[in-house]
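One structure below.
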Amino acid sequence: MFAPLAFVHAAWRLRRAALWFYVLGYSLMSFFMTYSLARAGDADNTEIAFGFFWFFGTILLVTVSCVHLALLRKKILYPPPTVWVASGMHCGLFSIDIAGFGQVGRSSEIFVQVRRMLFGLLENAFTGSGIAWEVCLKSDTGDGMIVVIPPQFPKFRLLYPLLAQLAADLARYNVVTAPELRIRVRVAIHAGEVTLDEYGVTGRPKVLLARLLDSRVLRDALAEAPDGSPMVVLVSDRFHEDVQDQGGPGLDTMSYRQVLVHEKETEVRAWLHVPDPVIRVLP
């Protein structure tokens, strides 16, 4: 009879009407168990059977109701994190693109494998840097991805340890995989107030991010980088001023050099970085 009481309390305190259906369900089960107890007292051959049924059934009912209530409270009070990005928020912007993704000789199956591997490594790098991947706003670009990072996460984490971990993971992957599956990427990082519409993220910060990612400066840097370097990074001057100039744990500001980006109508300063792909642990 006590099993429904916890759900009555939860329905009252949490103000969830759906919980009253669980109150009804557990009340019916409690009534059935009480009926079984009454039948167990009858002087017939079913007395022992109903007695056992009532004893073990009551234990099972209370256990199930307690576990069920705990799961419901956790789901209601601590819902899974969702994307938390809205227009006007000052967010970090991270864009990545696979170099030579459409080169001759790569089949659709290879495209799928390369994308799956890159996005998996990217998720691991974000998570390892203390940025919750599931709350970021992500936009697939076919051969890459744009990630908008909610403002509650420190922006310096996009530089460290994220870049170092991603470079090491890519280098480790390239060592053990077939040549046609190897991945080299270009990365652009910026920050600004984002604008969202029904199609996703838009606005000047995203435009500048796209210019940085597609710039000739970044493409040439990747072409000139050693074969063992799987990634080159271009950081906007604004991001550099807001984040790198202030310093931070693990930030290596000396490895960034200033460059001039001139793409279409955009002419801005940026900071070029080629991460050192240190492979600390081989698989």
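The values are calculated or read from the model by the stated rules, or taken from the named source; none is laboratory data. This one's a predicted model, so the numbers in the text were calculated from it and none came from an experiment. Note: areas computed on protein heavy atoms with side chains; ligands, DNA, RNA excluded. Shrake-Rupley method; radii C 1.70, N 1.55, O 1.52, S 1.80 Å.
Please work out whether the stretch 197-264 counts as rounded, prolate or oblate from its C-alpha gyration tensor, where a ≥ b ≥ c are the square roots of the eigenvalues and a/c under 1.5 means rounded, while otherwise a/b larger than b/c means prolate and anything else oblate?
oblate
Taking every DSSP beta bridge with both residues inside the stretch 126-245, roughly what % is antiparallel (nearest 5)?
Numbers: 7 of 12 bridges.
The answer is about 60 percent antiparallel.
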For 263, 198, 134, what's the largest-to-smallest order of accessible area, 1.4 Å probe?
198, 134, 263
Largest first and to the nearest Å, give the Cα extent of the stretch 149-283 along each principal axis.
41, 33, 33
